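A short write-up of the structure that comes next.
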Amino acid sequence: MTALGKLTSLSKNATDFIDDASLTAILKGPAPEAARVRDVIAKSLSKEALSVEETAVLANTDDDELVEEIFDAARELKRKVYGNRIVLFAPLYLGNDCVNDCVYCAFRRSNKDAVRRTLNTQEIRHQVEALENVGHKRLILVFGEHPRYDAEFIAECVRTVYSVRVGHGEIRRVNINAAPLDHEGYRIVKEAGIGTYQVFQETYHHETFAKVHPADTRKGNYLYRLDALDRAMEAGIDDVGIGGLFGLYDWRFDLLGLVTHALHLQTKYGVGPHTISFPRLQPASGVHVDERYLLDDHDFKRLIAILRLAVPYTGLILTAREHPDLRRAVMGFGVSQIDAGSRIELGGYTEAGDAQCMEREQFKLGDIRPLDQIIRELVTDGYIPSFCTACYRLGRTGEHFMEFAIPGFIKRFCSPNALTTLMEYMVDYASPETQAAAEKLIADELAAMPDGKIKIELIDRLHAIKTTGDRDLYF
């Protein structure tokens, strides 16, 4: 197979729905009046998704007072939709062979300094055992783009991960971050029981996309990548994630690109993306990047707040690329999922020490604190760390998820399930300090919960987890 491979399969009526000229024109408009900004904020607080034009109103706002109102609204909306839960997961890199030559990535094929490796079945098992031994229940498997990492290989890796059990440890949800597939490929990985399938466009700006993704590579085909999740939807995967790599082009343009993509999926399939990721460009081995478009912390926070207002029911993922202080700051007004205790070296969960080895990883991480420390900080700050996987396993995905989420009913399930998974962590894995903090938080949450059937059942389940071997008790 050539480096390009066979990229002929597209979705039905596939189209390039990103209009660069239109998005650029929207962003070149005059600064919006304060009344218009507040009208858009009011719409978002009613839990309605924003249009691209309305999102641009918020992105074009530089007035300090209005920006603070955007932050305040994002905090309020996050509390309404997600409560105080933060979902936790870990990335597991399984192979970094790659036929692409993306200028920003240490795994690119021309980087001779990269240490190439693909984990075998036994090595995968060892990584999963290490992750289970510290309490992880949710993973995202990450692969380079290479013919050897085809759908059958990905599916077999997923089955291997699910098969590993250590004590009370088990992985209950496996998400995928891998190359776009054709329809049959998506069907194969779906049958393995995956959760979310992520494909990042990186940048939606056509000229920049072509500049950073050479044309003689698989990833250089803009439409094939843009259409990736349409094919996944048509193949029966209704749980997908989109993302952009911020720092490649104007952050406001790529913000509008993400919102355009989300609205496209919602309009065409009745289901928007389950998650949106927005990592910032970070240093990587052998990489020299154009620094003109790098975001400072303030604009990064604006990006997150605007995304929260634009797509109220979409999970926002903040990765360990960012430093702990910033991760802590943005939790309150947008982010609903983070990775924790992360290592992105191949074999990193059993072989890496305290220092990062840049030749063995895709980019530099900003937060490599252990899972227990991050959970203790979340609990201390009043968040419920959640390893919940109930919705996916009960079929509450896609349109069914939206039926629960849009009216706000999902909080009836998510908060109790977050508490049961926190109790599991507290009993099975937590340090004494984290255990004490978690026990107090659980008691406070129960005291604040309205009396009723769910509260009675929750108390019974928490007691069972604490005093017996019962686990995985979810609503």
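The values are calculated or read from the model by the stated rules, or taken from the named source; none is laboratory data. Only a predicted model underlies this, so the values are computations on that prediction, with no experimental measurement involved. FYI the Cβ positions are ideal-geometry reconstructions off the backbone, even for glycines, and counts take in every protein chain you see.
Of note:
- Condition met for GLY395 (modelled with pLDDT under 85, over 24 Å from ASP239 (Cα atoms), over 17 Å from the mean Cα position of the chain (by Cα) and outside any helix (DSSP H, G or I)): no
- Residue within the range 282-290 that is surrounded by 20 or more Cβ atoms within 10 Å (Cβ to Cβ), assigned to a loop (DSSP other than H, G, I, E, B) and either at pLDDT 95 or above or under 16 Å from the mean Cα position of the chain (by Cα) (or both) present: no
- Some residue of the range 84-105 being among the β-branched types (Val, Ile, Thr), more than 18 Å from LEU316 (Cβ to Cβ) and either modelled with pLDDT of 95 or more or out of contact with any Gly (no Cβ under 8 Å at 6 or more places or on another chain) (or both): yes
- Enumeration of residues in the range 41-72 that are within 22 Å of the chain's Cα centre (by Cα), farther than 11 Å from ARG302 by Cα and surrounded by 18 or more Cβ atoms within 10 Å (Cβ to Cβ): SER44, ALA49, LEU50, VAL52, THR55
- Residue count, the range 246-281 (criterion: hydrophobic (A, V, I, L, M, F, W, C) and not in a helix (DSSP H, G or I)): 6
- Qualifying residue in the range 310-324 (condition: free of Cβ contacts under 8 Å to residues at least 60 places away in the same chain and among the acidic types (Asp, Glu)): yes
- Filtering the range 177-208 to residues that are surrounded by fewer than 22 Cβ atoms within 10 Å (Cβ to Cβ) and in a helix (DSSP H, G or I) leaves HIS183, GLU184, GLY185, ARG187, ILE188, LYS190, GLU191, HIS206, GLU207, THR208.
- When the range 123-165 is filtered for residues that are in a strand (DSSP E or B), within 15 Å of PHE387 (Cβ to Cβ) and aliphatic (A, V, I, L, M), the ones remaining, listed by number, are LEU139, ILE140.
Okay, residues lined up against (1) touching a helix residue (DSSP H, G or I) at 6+ places or on another chain (Cβ under 7 Å); (2) part of a loop (DSSP other than H, G, I, E, B); (3) buried (at least 22 other Cβ atoms within 10 Å of the Cβ); (4) in the same structural domain as ALA130 (by TED's automatic domain parsing):
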{"position": "ALA320", "(1), (2), (3), (4)": "no, yes, yes, yes"}
{"position": "VAL330", "(1), (2), (3), (4)": "yes, no, yes, yes"}
{"position": "LYS364", "(1), (2), (3), (4)": "yes, yes, no, yes"}
{"position": "ARG369", "(1), (2), (3), (4)": "yes, yes, no, yes"}
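- Filtered by the rule that a residue be assigned to a strand (DSSP E or B) and not β-branched (Val, Ile, Thr), the range 307-318 gives GLY315, LEU316, LEU318.
- Candidates are the residues of the range 291-316 that are small (Gly, Ala, Ser) and within 21 Å of LEU66 (Cβ to Cβ); the one that is surrounded by the fewest Cβ atoms within 10 Å (Cβ to Cβ) is ALA305.
- Exactly one residue out of ALA155, ALA178, ALA151, ALA192 is closer than 23 Å to THR260 by Cα and at pLDDT 95 or above, and it is ALA178.
- Hits in the range 58-103 - residues which are closer than 26 Å to SER336 by Cβ, in a loop (DSSP other than H, G, I, E, B) and touching a residue at least 60 places away in the same chain (Cβ under 8 Å): ASN60, GLY83, ASN84
- Subset tally (residues that are surrounded by fewer than 16 Cβ atoms within 10 Å (Cβ to Cβ) and hydroxyl-bearing (Ser, Thr, Tyr)) for the range 78-125: 2
- Any hit, the range 102-114, residues being closer than 23 Å to THR275 by Cα and touching a strand residue (DSSP E or B) at 6+ places or on another chain (Cβ under 7 Å): no
- Conditions (1) within 22 Å of VAL87 (Cα to Cα); (2) in contact with a Gly (Cβ under 6 Å, 6 or more places away or on another chain); number of the one not met by ILE171: (2)
- On inspection, ILE304 fails the criterion of being part of a strand (DSSP E or B), modelled with pLDDT of 95 or more, in the same structural domain as ASP325 (by TED's automatic domain parsing) and touching a strand residue (DSSP E or B) at 6+ places or on another chain (Cβ under 8 Å).
- Residues in the range 266-279 that are surrounded by 20 or more Cβ atoms within 10 Å (Cβ to Cβ), touching a Gly at 6+ places or on another chain (Cβ under 8 Å) and not β-branched (Val, Ile, Thr): 4 in all.
- Cβ separations smaller than 9 Å between residues 6+ apart or across chains give the following pairs from the range 19-45 residues that are at pLDDT 95 or above to residues that are aromatic (Phe, Trp, Tyr): ASP20/TYR204; ASP20/PHE253; LEU23/TYR204; LEU23/PHE253; THR24/PHE253; LEU27/PHE253.
- Candidates in the range 218-238 are the residues that are at pLDDT 95 or above and not in a helix (DSSP H, G or I); of these, the one that is nearest to ASP290 (Cα to Cα) is ASN221.
- Qualifying residue in the range 334-343 (condition: in contact with a His (Cβ under 8 Å, 6 or more places away or on another chain), in a loop (DSSP other than H, G, I, E, B) and either assigned by TED's automatic domain parsing to the domain that holds VAL40 or at pLDDT 95 or above (or both)): yes
- One residue alone among THR267, THR260 is polar (S, T, N, Q), free of Cβ contacts under 8 Å to residues at least 40 places away in the same chain and in the same structural domain as VAL199 (by TED's automatic domain parsing), and that residue is THR267.
- Residue check for ASP62: modelled with pLDDT under 95 and either touching a Gly at 6+ places or on another chain (Cβ under 9 Å) or in the same structural domain as LEU263 (by TED's automatic domain parsing) (or both): no
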